[in-house]
Amino acid sequence: MQLHKDWSIPAVAAGFVAVLISYSGPLAIFFQAAQSAEISTAMMTSWVWAISIGAGVSGILLSLWLKVPVVTAWSAPGTALLVTLFPGLSLGEAVGAYLTAAAIILVVGVTGSFDRIVQAIPPGIASAMMAGILFQFGVGVFLSLESVPALAIGMVIAYLAFKRLNPRYSLILLLIVGVVLAVVLEGANLRGVSIRLAQPHFIAPEWTWNATLSLAIPLVLVSLTGQFLPGMAILRTSGYNTPAKPIVTLTSLTSLATAFFGGITTVVAAITAAICTSKEAHEDPDKRYVAGVANGVFYLVGGTFAGTIVLLFTSLPGEFVAILAGLALIGAITSNVSAFAAQKDHLEASVITFIATASGISFLGLGSAFWGVVVGALAYQLLHRPFTRPWRRAARAGSEKQQ
């Protein structure tokens, strides 16, 4: 078997580190969403099981099939969007929105229209919406100073130190130090943490226009522009000219299956993908797919013991999760702000999108991400698109017809 021949310790280690980083940072956002929804520990375990199994299965299948280190995960920006919508949104409505988003992305994958759709979305508008969604998490770090000043200051200092000394493993180190600080400074009790297997819980979907417009459509946009686009870019800059069609198609099929258990959209990873596609995973690019397979296997292990992961996070102060999530997203906030600021030709529309999304408004039952895109797209059309009067268009058309 080729996998047995290509197996290497660095590739397996790269897959393991990528999973640790996902569980150290992006998973904290998921727990914050779960706390906003006020769901039970059992349902939270089902969520973690679903996103882990979805990432594990899709990553293993794609890496083995394409012989490319395809690293998949759950949509971190989409999870951040959930925090702004719960508890106004029910679990059934969230699942209905997951299914709608997965179906739309499946159509995009099957038709091979990924590149055309992404090109149709003004890049500054997409980046500004993501920056607006993530911005409040960064603010949450400093709001925590009011209730747990010692923990917040300690974690911020640790984050800066690890970013300077060892940026690649900074989130893992921050998680460890944060847990220690939570125990020492806030009296967190970890005695209840034990080995516990996951028990998936089925959630009946419910479709509403509110959930479709506030969650499903923004989820499609952030998944395509914030996850699939940079994820595919990382693969291609690493020398893998893999078509997007099979990857988008398979991950969306996975999303359809895991949605019923609380799993948000499965997407191509961006940040952790760089670990498995680099030379550190293997000198030979043709053998780095093993890192993608290993990454998937470790996700399956994490999903199996999702109960233990949930017990750990629920034993820690709620502010700890908020601080960890906010610090873990600083890099994403920075990259998205830089991305929309670089689009000078429609910068004002992008800033309007950012402000509207970051405001957190809810108008007519629809969330700020939806209104951010609507207002930003309107501003883009009015401020930055060439304006031609109707009679001039008619005259031009008549002139071309005569020619």
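The values are calculated or read from the model by the stated rules, or taken from the named source; none is laboratory data. Given the structure is predicted, the values throughout are model-derived calculations rather than measurements. Note that we place each Cβ from the backbone using ideal geometry, even for glycine, and neighbour counts take in every protein chain shown. Remember, those area values only see protein heavy atoms, side chains included, never the ligands or the DNA or RNA. Shrake-Rupley method; radii C 1.70, N 1.55, O 1.52, S 1.80 Å.
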Determine, yes or no, whether Ser46 is at pLDDT below 85, open to solvent by less than 10 Å² (accessible area, probe 1.4 Å), at negative phi and among the polar types (S, T, N, Q). no
Residue by residue through segment 28-42, note down the ones that are closer than 18 Å to Arg196 by Cα and among the hydrophobic types (A, V, I, L, M, F, W, C). Phe31, Ala42
Segment 262-292, residues that are part of a helix (DSSP H, G or I), more than 19 Å from the chain's Cα centre (by Cα) and either on the phi > 0 side of the Ramachandran plot or surrounded by 24 or more Cβ atoms within 10 Å (Cβ to Cβ) (or both): Tyr289, Val290, Ala291
Tally of residues being in contact with a helix residue (DSSP H, G or I) (Cβ under 6 Å, 6 or more places away or on another chain) and either at pLDDT 90 or above or over 30 Å from Leu382 (Cα atoms) (or both) across segment 107-146: 10
Can you list residue pairs whose Cβ atoms sit under 7 Å apart, with the first residue in segment 1-18 being in contact (Cβ under 8 Å) with a residue 24 or more places away in the chain and the second being in a helix (DSSP H, G or I) and open to solvent by 50 Å² or more (accessible area, probe 1.4 Å)? Count only pairs 6 or more apart in sequence or on different chains. Asp6/Lys287; Ser8/Lys287; Ala11/Lys287; Gly15/Phe298; Phe16/Phe298
When residues of segment 191-205 are limited to those that are open to solvent by 90 Å² or more (accessible area, probe 1.4 Å) and touching a residue at least 60 places away in the same chain (Cβ under 8 Å), the one farthest from Thr304 (Cα to Cα): Ile195
Looking at Leu145, Leu151, Leu99, can you tell me which residue is open to solvent by 10 Å² or more (accessible area, probe 1.4 Å) and farther than 22 Å from Phe370 by Cα? Leu145
Hey, could you check segment 233-252 for residues that are of a type in the set (Val, Ile, Thr) and open to solvent by 20 Å² or more (accessible area, probe 1.4 Å) and say which is modelled with the highest pLDDT? Thr249
Yes or no: segment 2-10 includes at least one residue that is open to solvent by less than 30 Å² (accessible area, probe 1.4 Å), of a type in the set (Asp, Glu) and either within 27 Å of Leu213 (Cα to Cα) or out of contact with any Cys (no Cβ under 7 Å at 6 or more places or on another chain) (or both). yes
Going residue by residue through segment 207-225, is there one that turns out to be in a loop (DSSP other than H, G, I, E, B), open to solvent by 40 Å² or more (accessible area, probe 1.4 Å) and under 30 Å from Thr84 (Cβ atoms)? yes
Residue by residue through segment 159-190, note down the ones that are within 21 Å of Val19 (Cα to Cα), crowded, with 16+ Cβ neighbours inside 10 Å and among the hydrophobic types (A, V, I, L, M, F, W, C). Phe162, Leu171, Ile172, Leu173, Leu174, Leu175, Val177, Val179
Hey, does segment 186-196 have a residue that's assigned to a loop (DSSP other than H, G, I, E, B) and farther than 30 Å from Ser46 by Cα? no
Of all the helices (runs of 4 or more DSSP H) wholly in segment 300-403, which have at least 2 residues that are modelled with pLDDT of 80 or more and surrounded by fewer than 23 Cβ atoms within 10 Å (Cβ to Cβ)? 306-314, 330-342, 347-358, 368-383
Given the criteria under 30 Å from Thr251 (Cα atoms), modelled with pLDDT of 80 or more and surrounded by fewer than 22 Cβ atoms within 10 Å (Cβ to Cβ), does Val297 qualify? yes
From the list Tyr23, Tyr98, pick out the single residue that is among the aromatic types (Phe, Trp, Tyr), within 16 Å of the chain's Cα centre (by Cα), modelled with pLDDT of 95 or more and under 29 Å from Ile275 (Cβ atoms). Tyr98
Based on this model, can you work out whether Thr258 counts as assigned to a helix (DSSP H, G or I), in contact with a strand residue (DSSP E or B) (Cβ under 6 Å, 6 or more places away or on another chain) and either surrounded by fewer than 24 Cβ atoms within 10 Å (Cβ to Cβ) or in contact (Cβ under 8 Å) with a residue 40 or more places away in the chain (or both)? no
Let me confirm something: among Pro77, Pro69, which residue is within 17 Å of Met232 (Cβ to Cβ), surrounded by 22 or more Cβ atoms within 10 Å (Cβ to Cβ) and touching a Lys or Arg at 6+ places or on another chain (Cβ under 6 Å)? Pro69
